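Taking it in order: structure first as structure tokens, then the write-up.
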Amino acid sequence: MILTLASKELRSLFSSPLAWIVLALLQLILAWVFLMRLDSFLELQPRLAQLANAPGASEVVSAPLFSAAAVILMMATPIFGMRLIAEERRNRTMPLLMSAPISMTQIVLGKFLGLCAFLMLPVAMVSAMGAALAAGGEIDLGLLACNALGLALLLATFAAVVLFASSLTSQPIIAAVLGLGMLLASWLASLANPDSAGAVQLLSVTRRFEGFNAGLVDSADLAWHAIAIVLFLLLTIRRLDRDRLVGFGA
């Protein structure tokens with residue numbers, strides 16, 4: 001049942017013109033970043049060739065591309081996920097969905113997995129650009145894989161946050177604003193408080209991508225993402241359980 005719901009949400013996203021427009025814009029912006037970084041690398045290559053242990057194309061082009069993608073997708077994910085529950089509320093189909101023989105956990109997991117599956121498309125797009133560098137020379141496949149894993153986990157965390165935001169309102173636009181506000185607040189707070197030992201940095205969602213971006217897979221970062229995803233999914237389930245008890249108009 002979870003996979004059925006996830007498949008339904010995935011088909012809904014692929015049938016949305018807005019999702020395709022945002023994906024096209026993402027591709028244009030990321031392609032521009034990729035070409036700018038590649039041009040810089042080609043200009044620096046003669047000087048890098050004279051250095052011992054000089055960074056390669058993966059370090060100069062791919063890693064900054066993934067870093068830019070993380071910030072851009074933080075702003076795009078609320079647009080992809082704003083309709084997940086808010087539109088069910090607006091169309092008054094949520095009570096019908098809840099009356100089906102499926103649990104609240106299955107509903108939330110189905111919608112979460114559907115959005116996550118869709119968000120793997122941008123991850124594949126960015127990874128393909130990084131892998132394309134192999135046509136001109138050697139690339140660091142380990143660094144590429146770390147960045148792809150880190151970006152996938154980051155987007156899964158974004159999806160959990162946006163799903164929770166979508167459960168708070170019946171207006172998709174307001175859900176997008178709430179989701180973007182929560183993600184931006186975490187990002188901007190970490191920029192304003194650069195102390196790596198501070199509580200703000202420990203709570204920063206984008207801070208958890210830096211290790212992957214440098215080619216490091218830290219078990220603490222993996223655990224952080226798992227805890228954050230589970231926390232926001234539980235908050236979403238609790239919110240919907242409350243609605244089922246008191247009614248959607250409350």
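Rounded to the nearest 20 debye, the dipole magnitude of the stretch 1-70 is 200 debye, with +1 charges on Lys and Arg beta carbons, -1 on Asp and Glu beta carbons, and the Cα centre as origin.
At a 1.4 Å probe, what is the % contribution of carbon and sulfur to the accessible area of the chain? Ligands and nucleic acids excluded, carbon and sulfur reach 68 percent.
When only the Cβ of Lys, Arg, Asp and Glu is charged (+1, +1, -1, -1), the dipole of the chain relative to its Cα centre reaches about 1040 debye. Please work out whether the stretch 108-199 counts as rounded, prolate or oblate from its C-alpha gyration tensor, where a ≥ b ≥ c are the square roots of the eigenvalues and a/c under 1.5 means rounded, while otherwise a/b larger than b/c means prolate and anything else oblate? Oblate is the answer for the stretch 108-199, as a/c is 1.5 or above yet b/c matches or exceeds a/b. Note on the stretch 175-241: dipole from Cβ charges, positive end direction compared against 216, 180, 192; the farthest Cα belongs to 180.
Report D for the stretch 131-250 in µm² per second (integer): Stokes-Einstein, Kirkwood Rh on Cα pairs, 4 °C, 1.567 mPa s.
Details: Rh = 16.2 Å.
Result for D is 80 µm²/s.
Here's the picture: charge each Lys and Arg Cβ at +1 and each Asp and Glu Cβ at -1 in the chain, and of 101, 49, 63 the one pushed furthest to the positive end of that dipole is 101.
Only helical runs count toward this figure. For the chain, summing -39,500 (n - 2.57) over DSSP H runs of n ≥ 4 and dividing by all residues gives -25000 deg cm²/dmol at 222 nm. Only one residue of 141, 116, 12 has its Cα farthest out toward the positive end of the dipole of the stretch 1-142, where Lys and Arg carry +1 and Asp and Glu -1 on Cβ, and that residue is 12. Residue separation of residue 188 and residue 90 scaled by 0.36 nm, minus their Cα-Cα distance, works out to 32.1 nm of gained length. Using only side-chain charges placed at the Cβ, +1 for Lys and Arg and -1 for Asp and Glu, the dipole size of the stretch 167-248 relative to its Cα centre rounds to 340 debye. Compute the signed sum of charges (Lys and Arg +1, Asp and Glu -1) over the other residues within less than 13 Å, Cβ to Cβ, of residue 64. Combined, the nearby Lys, Arg, Asp and Glu give -2.
For the chain, the membrane-span-like helix rule (DSSP H, alpha carbon extent of at least 20 Å along the helix axis, mean Kyte-Doolittle at least -1.0) picks out 17-48, 63-81, 104-132, 141-166, 172-192, 219-246; this says nothing about an actual membrane.
Considering only protein heavy atoms, what per residue accessible area in square angstrom results for the stretch 142-250 with a 1.4 angstrom probe?
In whole numbers, the stretch 142-250 has 47 Å² accessible per residue.
Its Cα gyration tensor gives the chain an equivalent ellipsoid. The semi-axes, each the square root of 5 times an eigenvalue, are 37, 19, 15 Å from largest down.
Restriction of the trypsin sites (Lys or Arg not before Pro) in the stretch 1-103 to DSSP coil positions whose beta-carbon has at most 13 other beta-carbons within 10 angstrom yields 92.
The values are calculated or read from the model by the stated rules, or taken from the named source; none is laboratory data. Treat the numbers as computed from the prediction; the structure is a model and nothing was measured. With ideal geometry, Cβ positions are generated from the backbone for all residues, glycine too; neighbour counts draw on all protein chains shown. For accessibility, only protein heavy atoms count, side chains too; no ligands or nucleic acids. Shrake-Rupley method; radii C 1.70, N 1.55, O 1.52, S 1.80 Å.
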